[in-house]
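Some notes on the structure that comes next.
Just so you know, all these numbers are worked out from the coordinates, no wet-lab data involved. Because the structure is predicted, anything quoted here is derived from the model rather than measured. Here the Cβ is made from the backbone with ideal geometry for all residues, glycine too, and neighbour counts use every protein chain on show.
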Amino acid sequence: MDWFLCSQSKKSSAPFTLILILLCCCSSPSLVFTFANASSSPAFNLTTISFDEGYSHLFGDGNLIRSPDGKNVRLLLNRFSGSGFVSSKLYNHGFFSAMIKLPSDHTAGLCVAFYTSNGDVFPKTHDELDFEFLGNVAGKPWRFQTNFYGNGSTARGREERYQLWFDPTKQFHRYSILWTSNNIIFYVDEVPIREVVRSTAMGGDFPSKPMSLYTTIWDASNWATSGGKAKVNYKYAPFTSEFKDFVLEGCPVDPIEQVPSSNCQDTDSRLAEKGLSVITPAGRRAMRRFRERYIYYSYCYDTIRYPVPLPECVLVPSERQRFKDTGRLKFGGSHKSHRHRSRRQPGASNSEDPDM
């Protein structure tokens with residue numbers, strides 16, 4: 001019994017609903033996690049803005065469609081172009097978030113990216129924080145990866161790849177990036193799925209310069225699905241991703257002088273007070289459950305690529321069990337470094353996906 005039947009059971013009477021929930025939970029471990037998570041991760045206290053209040057069109061003429069009230073936006077990919085938008089300001093630290101619904105059906109070769117970057121300002125020493133959603137052939141689920149770079153450290157990719165416990169094409173879900181001077185947290189809904197804690201040993205690899213927030217959809221046929229074996233099929237175009245309830249809560253920086261308009265330490269303190277930069281014990285339990293069930297690649301356990309783990313890696317025995325063969329994992333066809341390209345416009349990624 002799948003998650004769809006469980007969601008439909010909400011329409012039934014109470015006794016029947018309880019029976020269905022129990023059946024669903026017993027037959028699907030991921031649903032046990034879903035229900036447990038719902039009670040352990042409180043909703044964020046967020047102030048949302050409309051698209052027009054914080055963003056501007058980046059590329060893809062005619063492929064960005066605003067709602068009549070300017071609050072929501074759709075990004076389209078067709079055989080002529082992808083599309084994207086960018087925040088109107090740069091930020092030095094902050095909480096960047098949006099409700100996103102991904103394209104459905106056959107989405108092989110697609111990449112929908114939600115990320116911060118300063119590649120245009122610092123082309124050789126850029127910083128970046130990534131969510132990249134990777135499409136799949138019909139009948140197989142979307143996957144996604146997180147990654148980060150600091151000071152142009154693109155030769156040291158820090159990818160992690162995951163599956164989701166829900167269908168991201170059916171409803172909107174919130175995806176968020178938290179970035180302070182001390183840590184980075186990636187969230188799906190209110191679940192923290194990855195935390196990077198800054199250490200002295202990381203040096204310039206920890207992102208430290210002001211960044212803009214970007215969102216794009218583009219053709220990543222050469223790497224996104226099964227290592228490039230499954231390409232975008234434009235018979236199913238246009239591919240549409242939807243966005244709403246944006247959050248840009250950070251320390252804005254003048255794009256010319258690159259001088260903060262306020263004290264960025266105040267931003268870090270405000271994010272901590274809201275509980276966005278501090279993971280509670282309940283949040284840590286939810287993150288552990290997620291990582292034990294849904295992560296399927298982590299550079300920290302890739303002993304061929306990195307015989308000595310990078311300094312921010314925290315090796316967790318319960319996670320490591322999932323990666324006992326990582327040293328033999330054919331990740332991206334090889335473990336050679338790939339030059340990173342910005343996802344402002346279509347281009348190759350620095351990593352490929354194993355067959356899933």
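Miscellaneous remarks
- When only alpha carbons are used to place a centre, segment 203-227 and segment 117-145 end up 3 Å from one another.
- Sorted from greatest to least, the principal axis extents spanned by the alpha carbons of segment 42-328 come out as 48, 46, 40 Å.
- D_trans [Stokes-Einstein, Kirkwood Rh over alpha-carbon pairs] for segment 57-132, 25 °C, 0.890 mPa s, µm² s⁻¹: 170 µm²/s
- In Å, descending, principal axis extents of the Cα set of segment 125-239: 49, 30, 22
- Using the Cβ of residue 306 as centre and a radius below 11 Å, the other residues enclosed give a net charge of +2, where K and R count +1 and D and E count -1.
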